[in-house]
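Comments concern the structure below.
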Amino acid sequence: MGRYLMVGAGLSGAVIGRHLAESGHAVTVVDARDHIGGNCHTERDRDTGVMVHVYGPHIFHTDDAEVWDYVNGHATFLPYKNRVKTTARGEVFSLPVNLHTINQFFRTTMRPDEARAFITTQQADTSITAPRTFEEQALRFVGRELYEAFFKGYTMKQWGCHPSELPAAILKRLPLRFNYDDNYFFHRFQGMPEQGYTAMIANILDHPRITVRLKTVFDAAEAGAWEHVFWSGPLDGWFGYDLGRLGYRTLDFERFTHAGDYQGCAVMNYGATDIPYTRITEHKHFAPWEDHEGSVCYREFSRAAAPGDIPYYPIRQVAEKALLQAYVTRAEATRGVTFVGRLGTYRYLDMDVTIREALDSARGFLACLARGAAPPAFFQPPL
């Protein structure tokens, strides 16, 4: 049986490592941090008892039944619906934009068919037939008033540029509903692990053939000591950033506590550009089955990532894609390493997709071993 290294003790490393261990292989998982779980890490606040999402909130939602069964095999998931609120014009509205939002915003009492006709004929810019930018996508489907109230300022703060500079794909399918459904996600499986994500990942890593080493920095020069390495760190980091750094947005969190209920919901967005933060998250509301008198909140600020910052959101604009192509070419010529996860493939991935790709990568890797083929650098190509 082989000896394999997972660099990173987040979802990718844990899931791939567990799959290989269950197939009889010896697996070592290393992480530079002093905890497992990566950016999904959760921990109890000592003073309030609140389960805190240390690197920002993570809400599990998926249509992938196998992934849902997988996480439920390692944790007890309890129902959770993400109901986001936002401030605009001195009022609080529901997101995504739904019939309640539309009626409140325009001071109307329209029925679904009336609201649909109103947005289509009086708000949406139907002259835009093939939206190319984020702004055009929003104007085409909701019109200028709703765009400027709920999307423009928030996007400028989140991405550090005007929405006209961002591709339409970032908005993807515009969340617009002509009913009163305020559930932010539309996936059929939604929930939160009762004891937090770190406990779930600890259960995934709990296998006799898995060894975990924290506070351990791995250098690519050490790869030869292992039969194969799975790298979930930054793709450019494997090469020492020698072609330049791929662009990311990072987040700063201003943590504060409150004796009571601070905002009455888990997520409150602030789209106005004169407010420097994008949102406030109140973490006890991510576990509505618990009861806590005190509260832990985060004000969330987005900015360009610098060396040493935690990379959160890959930018993937024209310059980054050119640099990414150069790194992908080098990676594909490298033997003995497979790049996985959000950072390893320079793509924004939800948790369920991360787990799906980790399972597929582990199975693909074992299939390569079975037929004596060299494992590829990417089971999920970044481009």
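The values are calculated or read from the model by the stated rules, or taken from the named source; none is laboratory data. This one's a predicted model, so the numbers in the text were calculated from it and none came from an experiment. Quick reminder, even Gly has a Cβ in these numbers, built from the backbone with ideal geometry, and neighbours come from all protein chains shown.
Numbers at a glance
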quantity: Residue check, R18 assigned to a loop (DSSP other than H, G, I, E, B), at pLDDT 95 or above, more than 18 Å from the chain's Cα centre (by Cα) and at negative phi; calculated: no
quantity: Matching option when the condition is within 30 Å of the chain's Cα centre (by Cα) and free of Cβ contacts under 8 Å to residues at least 60 places away in the same chain, among E136, E114; calculated: E136
quantity: Single residue of V7, V29, V15 found to be of a type in the set (V, I, T), touching a helix residue (DSSP H, G or I) at 6+ places or on another chain (Cβ under 9 Å), buried (at least 23 other Cβ atoms within 10 Å of the Cβ) and within 17 Å of G196 (Cα to Cα); calculated: V15
quantity: So R245, is it in contact with an Asp or Glu (Cβ under 9 Å, 6 or more places away or on another chain) and of a type outside the set (A, V, I, L, M, F, W, C); calculated: yes
quantity: Strands (runs of 3 or more DSSP E) enclosed by the stretch 270-373 - at least 2 residues per element that are over 22 Å from W159 (Cβ atoms); calculated: 295-304, 337-339
quantity: Conditions (1) assigned by TED's automatic domain parsing to the domain that holds G196; (2) in a loop (DSSP other than H, G, I, E, B): number failed by N39; calculated: (2)
quantity: Single residue of the stretch 32-53 satisfying the filter (of a type in the set (V, I, T) and buried (at least 19 other Cβ atoms within 10 Å of the Cβ)) that is nearest to T211 (Cα to Cα); calculated: I36
